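A short reminder: the numbers here are calculations on the coordinates, not readings from a lab. What you see is a predicted model; the values in this text were computed from it and never measured. Note that each Cβ is placed from the backbone with ideal geometry, even for glycine, and that neighbours are counted across all protein chains shown.
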């Protein structure tokens, strides 16, 4: 599914939803944390995926507004690694 977001730093970013409902473990400064029901969104070719300041951006489905029924909130942290 094609999606896009508007980030404060990166501007308009285009992506592709690769998976929905993913469970993942992320290493944080305070230990490993489990995140449930996550979406995996990969950037489209030539699109910058994210940068500091983009947190809180919302990914929206491409297409006419009446069919845009997918949204995911974007969060990124330079302190976390997967």
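Equivalent-ellipsoid semi-axes (√(5λ), Cα gyration tensor) for region 2-73, whole Å, largest first?
In descending order, the three semi-axes are 23, 16, 11 Å.
Arrange the following residues from fewest to most other Cβ atoms within 10 Å of their Cβ: 61, 5.
Ranking 61, 5 by Cβ neighbours within 10 Å, fewest first, gives 61, 5.
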